[in-house]
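Below is one structure, written out as structure tokens; the observations come after it.
The values are calculated or read from the model by the stated rules, or taken from the named source; none is laboratory data. Keep in mind it's a predicted model, so treat the numbers as computed, not measured. For neighbour counting, all protein chains shown are included, and Cβ atoms are generated from backbone atoms with ideal geometry for every residue, glycine included.
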Amino acid sequence: MSDGHETPAGARPGAARERLRFHEIDFALWRREIAPLWHMEGAVHLVAPLVNGYGQLQYCGREIHARVRHVPLAAELDGTRIAWTSIYNISDEALRLRGIYVLPEWRSNGVGRSLVAHAISLWPGRFGRVFLYARLGNVGRYRRWGFEIVPGHVPRSHRTGIEGGQERIVQMMLRRATEEAVDRAGADARGAAPWLPP
């Protein structure tokens with residue numbers, strides 16, 4: 001990519017994690033920045049804040065606006081954005097990660113994993129499951145992060161109408177320790193943030 005996203009001179013990708021800063025950003029800005037990376041130039045308006053993911057979202061109607069908290073995030077390294085994701089609750093106990101994207105020159109050095117860990121850490125432990133859809137080529141990476149393929153989930157195409165070498169995706173899930181388990185272990189459990197539904 002030659003649009004200003006080159007690795008800074010003298011930067012060591014392996015040392016990137018220590019210099020990362022995470023920011024919650026406005027959704028309109030998030031989707032403007034992520035759309036070209038998803039090859040959706042000119043279609044920014046089609047990047048929706050929430051994706052139901054085949055019935056995962058457990059709220060409907062007005063409940064969606066009252067109970068769902070969408071958190072678009074970006075990771076910056078030395079003041080330059082290099083990674084994006086978003087996370088939102090799909091029920092009172094489960095979260096959905098969406099759009100994990102790290103610029104190619106910063107991949108495979110912990111940037112994505114650090115961003116995902118930060119995104120999940122924003123939520124209290126009562127959200128015990130985190131779901132994502134992964135391209136089959138990324139399943140090994142997400143397994144190293146603690147995710148497993150949801151039992152019985154069959155890979156499917158994430159785009160319709162693609163012939164031949166379709167990019168197949170599969171649903172994966174991470175089980176988090178609940179606040180009660182963390183309390184029993186004697187660690188400091190994170191309390192519910194005031195903006196989360198009761």
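Of all residues in the range 76-128, which are on the phi < 0 side of the Ramachandran plot, in contact with a Pro (Cβ under 7 Å, 6 or more places away or on another chain) and surrounded by fewer than 20 Cβ atoms within 10 Å (Cβ to Cβ)?
Listed by number, the residues that qualify are Asp92, Asn109.
Of everything in the range 63-86, what is at pLDDT 90 or above and under 15 Å from the mean Cα position of the chain (by Cα)? Give them in sequence order.
Matches in the range 63-86: Val71, Pro72, Leu73, Ala74, Ala75, Ile82, Ala83, Trp84, Thr85, Ser86.
When His153 is evaluated against the numbered criteria (1) in contact with a strand residue (DSSP E or B) (Cβ under 7 Å, 6 or more places away or on another chain); (2) modelled with pLDDT of 90 or more; (3) surrounded by fewer than 22 Cβ atoms within 10 Å (Cβ to Cβ), which criterion, by number, is the only one it fails?
Only one criterion is unmet by His153, namely (2).
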